1. For the chain, modelled as a Gaussian network with Cα springs under 10 Å, which listed residue fluctuates most, Leu63, Leu92, Leu25?
2. If you stretched the chain out fully between Leu75 and Leu4, how much longer would it get, using 0.36 nm times the residue separation minus the C-alpha to C-alpha distance?
3. Is it possible to state the helix-based mean residue ellipticity at 222 nm for the chain, with each DSSP H run of 4+ residues giving -39500 (n - 2.57), the sum divided by total residues, to the nearest 500 deg cm²/dmol? What is it?
4. Please work out the ratio of the alpha-carbon Rg of region 8-77 to 2.2 N^0.38 Å and round it to two decimals.
5. Write out the trypsin sites (Lys or Arg not before Pro) in region 1-103 meeting two conditions: DSSP loop, and at most 16 other Cβ atoms within 10 Å of their Cβ.
Amino acid sequence: MIPLSFTTPHELQVLLGERLRRLRLNRNLDQLTTAEKAGVSEKALRNLEAGRGSTVETLLRVLKALDSLHGIDLLAPEATVNPLDLLRQPKLPQRARRRAKESG
């Protein structure tokens, strides 16, 4: 299998469509039933599964209809630490310094 980073956007659409189709079939749903449950046209679902382009809304509706919204967390995970906040924090000392001897 070719790494996903070397695929074109069109190839990724086709791959996503194939996976959605397999997911639908694993749920034992036909296209018409899935489209109705998702609130999209059957043609929109066919286009999505064929990788011929679709809208984000159609994708989300189909994922919801297939009870697979956890896919969103995989696509765009919630950032736990903002990298910009790390840059704004004061730098911690890299080593301990000896105190100067007091004269006395």
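FYI, it's all coordinate maths here, none of it is from the lab. In this text, all values refer to a predicted model and were calculated from it rather than measured experimentally. Cβ sites come from the backbone with ideal geometry, for glycine too, and all protein chains shown count toward neighbours.
1. Of the options given, Leu92 has the highest mean-square fluctuation.
2. Contour length minus the Cα-Cα distance gives 24.3 nm.
3. Result for the chain: -16000 deg cm²/dmol, rounded to the nearest 500.
4. Dividing the Cα Rg of region 8-77 by 2.2 N^0.38 Å gives 1.00.
5. Arg27, Arg52, Lys91, Arg95, Arg97, Arg98, Arg99, Lys101
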